[in-house]
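Comments concern the structure below.
The values are calculated or read from the model by the stated rules, or taken from the named source; none is laboratory data. Values in this document were obtained by computation on a predicted structure and should not be read as measured data. These accessible areas exclude ligands, DNA and RNA; they are computed on the full protein's heavy atoms, side chains included. Shrake-Rupley method; radii C 1.70, N 1.55, O 1.52, S 1.80 Å.
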Amino acid sequence: MICRADLCVVVRAAGLFLLWATALMPQEALYRRPSEVIASQTLDNIAAALEQEEPDYSEIARIIHREINNYTTQFIEEKRIQDERRVAERPNLDKNTLRLITLLKEKKYGKIEFAGHSPYLRQLYEWLGRCYEEIGDPYLALSAYSEALRYTALERQKQPDGTAEERLAIYQSMAASFAHPERIPEERDAARRDAAERVGRLLPDYVQARRRTDLALKAIDVARADQVRGGNLSVAGAENNYGQEKSRLDALEGELERIRKNEYRQFQEERAKSDGYLAFRMATVVKKLEITSKEFARIFNRSSFYRGTGDELGEERTALRNFVGYAIFLEFAHKLDPDNINYVALLAEEYRSSQNRERAIEFSEKFLTMARGTAEQENVAAGAYRLAGLYTEVRNYIKAEEHYKEFLNLSQDETRKAQAELTLARIAFEYTGRMDLARDLFERSLRRKETQDESAMDFRLRSDSRATRYQIHGELASIFRRELRTPREKEELEKARQIYYAIEAETREYLKEEEDLKKQIFTIKKDLLGREDPDLQKDYYRLLRIDLPAVQEKVRYLRVRQSSLGLPALLERLALLARRDRDFPTALDLYQEIITRGNGEEATRARSNIEQVNLTLKDGRIREAVLPSRFER
């Protein structure tokens, strides 16, 4: 018989054997990692399918969902966070979209929304968002993109070559992202994967070496203090030990630095570009949603949409502008990838179109600074042109003049250069007082316009070109007036006057054409009385509905253009110069023309001046001309 004591020994031995056997058996992990569930070949197949000429986005989305579900179904579905419970309040937005919008509004880029380092899942969700975007479901696309961002760390560790503490923080950041154990199996680049594994091995040794080096350094002071007290500790031995520990530390740090400046820096740059592009895709989706919302507002709130608010006119109310969400996500993309000049340019243009001039100037200055660091002069020219326009709007004309000059020196776009020259000339003439610069630019603009064939232009372009030349001649006359160059002033005024007469002659031609068309319409109408002629009826309606309105539109346009030029003021100036030259007959003719062309006030002054000139011709006394209050003397 087996005694009770022997039975206890047997039971204990069996228990120890089972415990030993259990310890030797491989333990299954709590959950399988993405690299264990998703095959790299599957990712390659999806990428190849997306690169086809006509991808089947619905089928690709189904495959992506299958791969994601293979990973996510291993978790308990009942676990929910507080944001998910609020989804019912906003049924059109996914829970992750709500998290990301909250994150952006509060400007907090922390780990609270971070789902873990998984390049596989991030890539799958990015592709899923692209599929939904192509299918035409912006809400699901935005949800997939926001989920993709949860698989990348939003915080960025700066990389200064500074103190040892700063370098240690960088190495710890490398270990937390680049060398994270869950990310390494999903790294597709072999050299980078090897570098990440080396960081995982080197960093603990580096931390221990720093501690041993600090202790060795303190041991030197301890040995010196011990020698002062008559002890036996060797200072030379402590210094030798410190030198050895320091050399080990330097070797480890050199190895980490090589990885930081090569593989890790490349990893950071690629991650910044991919994350920035992902946020940019989200910005484009949000802009589409905002456009749809504004178009609905335009339909359902038509009167208030076009009227404006309060006493402020609805300036360009028909343009779709001020996309708040688009700007938020663009700024997010810029924060993730601050070296991308395209995001800065888009932000500058968005803030400019939404009339946020302060932010527009800020990003335009940033764009210009970044563009100057590249070899593309057209980018610099475009940035200078945008900044010049913004500074003109905020009435900082000195800065505007500076950037217009930079644009003119760099740009190859002749059309925009012509516009910039004319704008810069007017800024120099009206605001900065640079009359030499204004005169040179005005004369250059005139030479460019005089080489154009106006007869080949549309009537609108032709009248606009003539009106611009008229204004330039008037401004040149004002410059010569200030320089006391009266002959040149008279020459410019006469040129402007002849341009006005050319526009007037063209108006008379169209008026004659209008009268001829009315006569033809009346003749055809008389011929159609009492009979039906389909061809004649067709001619009648063509003349009445097409040809006549077209000519009347030309007449109206040219008359409005004529009235905007202000010929009576120019004639008044010529008359004053004629009186100064004692050319009284010419002055009388000019005053008579003012009476026929001017308004009531101008005609009244002209009659008063005619009386004065007639009195001067009788008694020989020179009398002062009657002039308007703001007349440039």
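Numbers at a glance
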{"quantity": "K449 - accessible surface, heavy atoms, 1.4 Å probe, Å² rounded to 10", "calculated": "50 Å²"}
{"quantity": "Debye log10 I(q)/I(0) at q = 0.10, 0.14, 0.17, 0.18 Å⁻¹ for region 162-296, Cα point scatterers", "calculated": "-0.53, -0.76, -0.92, -0.97"}
{"quantity": "Listed residue pairs exceeding 19 Å between alpha carbons, taken from K405/K495; K512/K554; K273/K335; K335/K399; K417/K449", "calculated": "K405/K495; K335/K399"}
{"quantity": "Expected-Rg normalisation [2.2 N^0.38 Å, Cα atoms] applied to region 352-426", "calculated": "1.03"}
{"quantity": "Under the Karplus curve 6.51 cos²θ - 1.76 cosθ + 1.60, θ = phi - 60°, whole-Hz ³J(HN,Hα) for region 320-327, x wherever Gly or Pro sits", "calculated": "7, 8, 6, 8, 5, x, 4, 5"}
{"quantity": "Fraction of accessible area attributable to carbon and sulfur, region 501-631 (%, probe 1.4 Å)", "calculated": "50 percent"}
{"quantity": "Residues of region 134-266: accessible area per residue with a 1.4 Å probe, Å²", "calculated": "53 Å²"}
{"quantity": "For region 510-519, Karplus couplings with θ = phi - 60° (6.51, -1.76, 1.60), whole Hz, Gly/Pro x", "calculated": "5, 5, 5, 5, 5, 5, 5, 5, 5, 5"}
{"quantity": "3J(HN,Hα) from dihedral phi, region 58-67, Karplus parametrisation 6.51/-1.76/1.60, rounded to Hz, x for glycine, proline", "calculated": "5, 5, 5, 4, 5, 5, 5, 4, 4, 5"}
{"quantity": "Solvent accessible area, Å² - S247, 1.4 Å probe, full protein context", "calculated": "60 Å²"}
